[in-house]
Every structure is written in structure tokens, then in C-alpha cells.
Amino acid sequence: MRKIKVSPIEQIVVHLILIIWLLISVIPFVWMLSTSFKGPGEIFIFPPRWIPKNPTLKNYKDLFQQMNFGRPFLNSIIVSLSTTFLSVLLATMAGYGFAKFQFKNKNALFLLILGTVMVPGQITMIPVFLLLTKLNLLNTYWGLILPALANAFNIFFMRQFISGIPDELIEAAKMDGANEGWIFFKVILPLSKPAMAAITIFTFTGSWNNFLWPLIIATDESMYTLPVAISVLGGQYTENIAMQMAGSVIVILPLIIVFLFTQKYFIKGITFTGLKG
């Protein structure tokens, strides 16, 4: 493969563009974090202060005392972690089945699953809502979790990755007397960590930021998740910008933590899966 030569000037231009793009992306988050520690008198002063003169935690305290923000936070933790764990596990099982097992109409079924990606989620919301209503799952954690478990993209992603695992490893395990469960948990799962980390980030982010479905299924405030609670906060405290920014920081912080702990595997998963046909 022929290497592309890049001149020093081109490298400087590329780095300048990346730095400018980084600043554009980071500045709103820095401003949000700074504002969350400001008192009412510091928010609208001009010129604006990036570092609060008298930083305070009052906005965060008011969130949990006045808005009872602890309950939506707990709901989001339970729903997001449960959805992520079960969805990634089911996607890995399905990906393993489509990649390594032979059964009738396998390709047709796989194409049918991929076809669901083209169906907008809003179309299925009404029938899913009616189904969960008949099952008495409104205002329950299962009502928030179940519709997100079958993810076609995750199944496709895991199938592509597991297809690259050598069949010889599976055959060797079978020759040693291992059953399918042992092979899946002891061979497939450890080798699939990079791909699982990638879809873990996708799934957790999607579940954590999901607003429309919790708004529909959770008619009781005790079952609100953070995105719904933030919208209520914006309606009740439109003048308290600092409190809204504090709520936004709480919403974003877990996503940053998850990415920091899984970014190594995430990059590997994206790279390896992209190289496999």
C-alpha cells in the first residue's frame, strides 16, 4: 500500500482545524459546568465569567431537596444499567448464533432483523404501548426496559465481530467436551470484549438520554427518568438557569465516566469490526 505524504503545512492546517473544532465542541460543556456553580447574580453579568467568583453547591443541593432529583437519578441508573446489560448479552447471543450456527432460513431471518433498522421507532410506539398496557407494565421498570432489549444494530455489530473468531477455537473446545453454554461464556464472551464495549457505550447512551418513551410509559412522577425530570425542571424553573445547568451536568457526567472506562475497548471494537466482512 502506497503511503500518502503530508507536507508540514498540511499537518499544521489539519491540526488547527481539529483544535478549532475541539474548542467549538468543548466550550458549551465548560460553560454549562461553570454556570452550575454560579449564584443568581453571576449568570447574566457582562463580560461573562468563565470561573465563578464565589462558587457554590447550592444549585445541586436545591436539585435534590426541592426537585427530589434523587429519584429520577436512581430510575435512570436502574433502567440504563439493566437495559445495557440485557441488551448487550442478548445481542451477543444472537450474534453468536448468526455467525457460527447453521439453521434453516438463517440469512432471511438476519435480513429481516436488519430491515427493522429502517422502521422509525415512533411507528412502533403505539402498538408497544397498548401491549404493555394489557400486560399491566405501565409505570414499571420492565415497561421502560423491555422495548429496548432487542436492538438490530447491536445484533448486526456482534455478528460481524464474532464471524472473525476462528472456528478452530470452538471445535477445540467441543473436542474437550465443552457444551454450548461453556463455549459461549468461556470462549466467545472473553474474545468479544472490544465489540461488547462498543455497543455498551451506544446502548447506555441511548437508554440514558431516552426522553420520549419514558415520557409516554411513566405517567407517575416517581418513575420519571433524568431527561423527563430535566424537562419538568425547565418548565418550573425557567428563570433559574444555574439549577438547569446543574441538572444537565448530572445527566452528562455518567456518560463521560462510562466512555472513559470503556474507550480502549470501544476503539478496538470499532476498528476490528470495520475490518471484517
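The values are calculated or read from the model by the stated rules, or taken from the named source; none is laboratory data. On a predicted model such as this, the values are computed, not experimentally measured, just so you know. Heads up, the Cβs are rebuilt from the backbone with ideal geometry, glycines too, and the neighbour counts pull from every protein chain shown. Calculation scope for accessible area: heavy atoms of the full protein, side chains included, ligands and nucleic acids excluded. Shrake-Rupley method; radii C 1.70, N 1.55, O 1.52, S 1.80 Å.
Taking the dipole about the Cα centre of region 1-121, with the C-beta of Lys and Arg at +1 and of Asp and Glu at -1, give me whichever of 30, 59, 14 is farthest to the positive side.
Farthest towards the positive end: 14.
Rolling a 1.4 Å sphere over the protein heavy atoms, what is the accessible area per residue of region 170-227, to the nearest Å²? Could you put the intermediate results ahead of the total?
On the way: 2750 Å² over 58 residues.
Ligands and nucleic acids excluded, the result is 47 Å² per residue.
Most mobile of 103, 153, 37 per a Gaussian network model of the chain (Cα springs, under 10 Å)?
103
Along Cα→Cβ, 7 Å out, is where each label goes; now give me the distance between the ones at residue 10 and residue 22 in nm to one decimal.
With each label point 7 Å from Cα toward Cβ, the separation is 2.2 nm.
Could you pull out the trypsin sites (Lys or Arg not before Pro) across region 101-205 that fall in loop regions by DSSP (anything but H, G, I, E, B) with no more than 15 other Cβ atoms inside 10 Å?
Details: sites: 104, 106, 134, 159, 174, 186; in loops: 104.
Passing both the DSSP loop test and the Cβ count: 104.
Work out from phi, with θ = phi - 60° and the Karplus expression 6.51 cos²θ - 1.76 cosθ + 1.60, the ³J(HN,Hα) of each residue of region 31-43, listed in order in whole Hz, and give x for Gly and Pro.
Coupling constants for region 31-43: 5, 4, 5, 5, 5, 5, 9, 8, x, x, x, 9, 6 Hz.
Counting only protein heavy atoms, what percent of the accessible surface of the chain is carbon or sulfur at a 1.4 Å probe?
70 percent
Between residue 219 and residue 85, with labels modelled 7 Å along Cα→Cβ, what's the label distance in nm to one decimal, could you check?
If labels sit at residue 219 and residue 85, their model points lie 3.0 nm apart.
Could you name the aspartates and glutamates in cross-link range of residue 134, using Cα to Cα under 20 Å and dropping any fewer than eight places away on the same chain?
Filter leaves 220.
What distance in nm separates the two pseudo spin-label positions at residue 114 and residue 77, each 7 Å out from Cα along the beta-carbon direction?
The two pseudo-label positions are separated by 4.0 nm.
Per-residue HN-Hα couplings for region 177-185, Karplus 6.51 cos²θ - 1.76 cosθ + 1.60 at θ = phi - 60°, whole Hz, x for Gly and Pro?
x, 6, 8, 5, x, 4, 4, 5, 7
Which value, to two decimals, describes the C-alpha radius of gyration of the chain once divided by 2.2 N^0.38 Å?
1.25
Going by a ≥ b ≥ c, the root eigenvalues of the Cα gyration tensor, does region 19-75 fall in the rounded group (a/c under 1.5), the prolate group (a/b larger than b/c) or the oblate group?
Because a/c hits 1.5 or more and a/b fails to exceed b/c, region 19-75 counts as oblate.
Give a residue-ordered list of calculated ³J(HN,Hα) values for region 216-221 (Karplus: 6.51 cos²θ - 1.76 cosθ + 1.60, θ = phi - 60°; whole Hz; x for Gly, Pro).
Going residue by residue, I get 7, 7, 9, 8, 9, 4 Hz, with x marking Gly and Pro.
Accessible area per residue for region 1-103 in Å², computed with a 1.4 Å probe and the full protein assembly in place, what is it?
Per residue, region 1-103 has 72 Å² of solvent-accessible surface.
Distance check, please: which entries in 174/264; 38/264; 100/186 exceed 23 angstrom between their Cα atoms? List each step's numbers first, then the result.
Working: 174/264 31 Å; 38/264 35 Å; 100/186 16 Å.
Going by Cα-Cα distance, 174/264; 38/264 fall outside the 23 Å limit.
Any aspartates and glutamates with Cα under 20 Å of the residue 61 Cα? List them, leaving off those in the same chain fewer than 8 positions away.
Output for residue 61: 42, 221, 239.
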